[in-house]
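Chemist: First, the structure itself, so that you have it in front of you.
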Amino acid sequence: MTASRPIALFDMKAQQALIRAEIDRRLAAVLDSGAFINGPEVRELEAALAAFAGCAHAVGVSSGTDALQIAMMGEGIGRGDAVFLPAFTYTATAEVPLVLGATPVFVDVDPVTFNIDLADLEHRIALVAKEGRLRPRAVVGVDLFGLPADWPAIEAICARHGMFALDDAAQAFGAALHGRRLGRWGHATALSFYPTKTLGCYGDGGALLTDDADRAELWRSLRTHGEGKSRYEVLRTGMNGRLDTVQAAILLCKLPLLEAELAARAKVAAIYADALGGAALQVPSSLPGADHAWGLYSILVEDDAARARVQEAGRAAGVPTAIYYPKPLHRQPAYAAAHLGAISPGPLGGPPPLPVSEMLCGRIMSLPMHPYLTEGEVARVAEVVRGAA
Ligand SMILES: *Cc1c(COP(=O)(O)O)cnc(C)c1O
């Protein structure tokens, strides 16, 4: 095999090379204007994000985590409220309800889609309602690795129980379900622009999307210390959660590439699926009607030993891999007590187990996934994985 550039798990350099002149021009404009907070680029980006997602409103915020927090603050979620979310996700999804004094209720995930298990969700809502100590208040559906959760079903469950449906689409901007992009499912959609996400900036950033004008206006207030019509009127307790003008300028350079990048990611995924078919592992599958954003390409190998073998073979061959996530959230020291306290022992027997989340943490692994992988590189990764799995 000929010497080649190292394969990257994510690649931000190839993309930057395509738009470097535009980035320089946009950054220079921000430096010249000096409008580092709430500059015109923020509004311009918000309009472009809403147009891309097909929703009415986008509100730029300081990170994906703050997007989740502002959305929950907007609903007044806090003490006494139960927020249902998958046990197999990034820590931020669970952190936010706890920061607000609410209780996260961990729900198991589906072994094929890795997204929230609807039967288990209904079961846990019923347990919490029956106990009567916490109020079932919100469901956070995560579109893990870029695959939309089953939003029509989550919306129906939330409607039935009068709950807030929040889409944590941090890994999935650009994905769609039944022809409708994320941003139009649930009551609110949280995006992260962390550099490795499908649309990433050069620092921290995020956004909230909705069709609801009142929510959008409330979020604009909350991200600026709860300010009212004038800057010196404080209507509610908010936070400093704005998106920097510089990051909005970077995102304006990158957003025009996103459509083609999503197509390139889908092509990489198709090559992987072909090349890995028949090996002793499970490749990702889709949900009927879903367009995956392929934020990550995660496979399931036989067991922990097989995963260690693939990682070792990858290291030797210059093929980076990663584990998202090695531990389910209910087992994290920071969240274990909240998990055990959410559904009491006694008549209800405590929280039911989360076997799929536990199983996935022992077997999941992510392969290089970005729009600038060549067919040869994807084939090289697949060969290493097949040989070791
Ligand atoms: C990245 C991520 C977040 C947090 O986004 P930040 O911008 O890093 O705060 C939240 N939820 C999920 C599922 C994520 O992957």
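Chemist: Could you check the simple spin-label distance between ALA264 and LEU98, using points 7 Å along Cα→Cβ, in nm with one decimal?
Modeler: Taking the simple label geometry, ALA264 and LEU98 are separated by 3.8 nm.
Chemist: Can you tell me how the chain classifies by the Cα gyration tensor, rounded, prolate or oblate, using a/c under 1.5 as the rounded cut? Don't skip to the answer; put the middle values down first.
Modeler: On the way: a/c = 1.98, a/b = 1.07, b/c = 1.85.
Since a/c reaches 1.5 but b/c is at least a/b, the shape of the chain is classed as oblate.
Chemist: Count charges around LYS130 for me, please; just the other residues with Cβ under 15 Å from its Cβ, Lys/Arg as +1, Asp/Glu as -1.
Modeler: Net charge around LYS130: +1.
Chemist: Moving on to the next point. Using R₀ = 30 Å, calculate the FRET efficiency as 1/(1 + (r/R₀)^6) where r is the Cβ-Cβ separation of ALA337 and ASN240; round to 0.05.
Modeler: With a Förster radius of 30 Å, E is 0.55.
Chemist: How do GLU131, GLU261 line up, fewest other C-beta atoms within 10 Å first?
Modeler: Final ranking by Cβ density, sparse to dense: GLU131, GLU261.
Chemist: Ok, one more. Quick one: grab the alpha carbon gyration tensor of segment 90-199, order the square roots of its eigenvalues as a ≥ b ≥ c, and give me rounded if a/c is under 1.5, else prolate or oblate depending on whether a/b is larger than b/c.
Modeler: Working: a/c = 1.84, a/b = 1.46, b/c = 1.26.
Prolate, since a/c reaches 1.5 and a/b exceeds b/c.
Chemist: As an exercise, use a Förster radius of 35 Å and the Cβ-Cβ distance of ALA35 and LEU9 to find the FRET efficiency, rounded to the nearest 0.05.
Modeler: Efficiency, rounded to the nearest 0.05: 0.50.
Chemist: Please state the shape class of segment 295-366: rounded when a/c is under 1.5, otherwise prolate if a/b exceeds b/c and oblate if not, all from the C-alpha gyration tensor.
Modeler: Prolate shape, in that a/c is at least 1.5 and a/b is the bigger ratio.
Chemist: Measure off 7 Å from each Cα along the Cα-to-Cβ vector at ARG160 and HIS225, then give the distance between these two points in nanometres to one decimal.
Modeler: Simple spin-label model gives 4.5 nm for this pair.
Chemist: Starting from the 7 Å offset along Cα-to-Cβ, what nm value, one decimal, do you get for the label separation of ARG25 and VAL112?
Modeler: Result: 4.8 nm between the two label points.
Chemist: Would you please give the FRET efficiency between SER344 and ARG79, computed as 1/(1 + (r/R0)^6) with r the Cβ-Cβ distance and R0 = 22 Å, to the nearest 0.05?
Modeler: 0.85
Chemist: Also, I was wondering about something else. What is the sum of charges around ALA172, taking Lys and Arg as +1, Asp and Glu as -1, for the other residues whose C-beta is under 11 Å from the C-beta of ALA172?
Modeler: That sum, taken over residues with Cβ under 11 Å, equals -2.
Chemist: Please report LYS267, LYS197, LYS13 as a ranked list, fewest other C-beta atoms within 10 angstrom at the top and most at the bottom.
Modeler: Values: LYS267 15, LYS197 24, LYS13 10.
Ordered by Cβ neighbours within 10 Å, fewest first: LYS13, LYS267, LYS197.
Chemist: Something else now. Roughly speaking, what is the centre-to-centre gap between segment 138-165 and segment 304-350 when only Cα atoms are used, to the nearest Å?
Modeler: Between the Cα centre of segment 138-165 and that of segment 304-350, the gap is 23 Å.
Chemist: Using a simple charge model, +1 on the beta-carbon of Lys and Arg, -1 on the beta-carbon of Asp and Glu, nothing else, what dipole does the chain show about its Cα centre, in debye to the nearest 20? Show your work: numbers first, answer last.
Modeler: Numbers: 35 positive and 42 negative charges, 89 e Å.
The dipole magnitude comes to about 420 debye.
Chemist: Quote the convex hull volume per residue of segment 5-109, based on C-alpha atoms, as a whole number of Å³.
Modeler: That works out to 173 Å³ per residue.
Chemist: Restricted to Cα positions, what overall size does segment 258-388 have along the principal axes? Three whole-Å values, descending.
Modeler: 57, 34, 27
Each reported figure results from applying straightforward, stated rules to the coordinates on display, with no laboratory input. Worth saying up front: this structure is predicted, and the values here are computed from it rather than measured. As a convention, Cβ positions derive from the backbone with ideal geometry for all residues, glycine included, and neighbour counts pool all protein chains shown.
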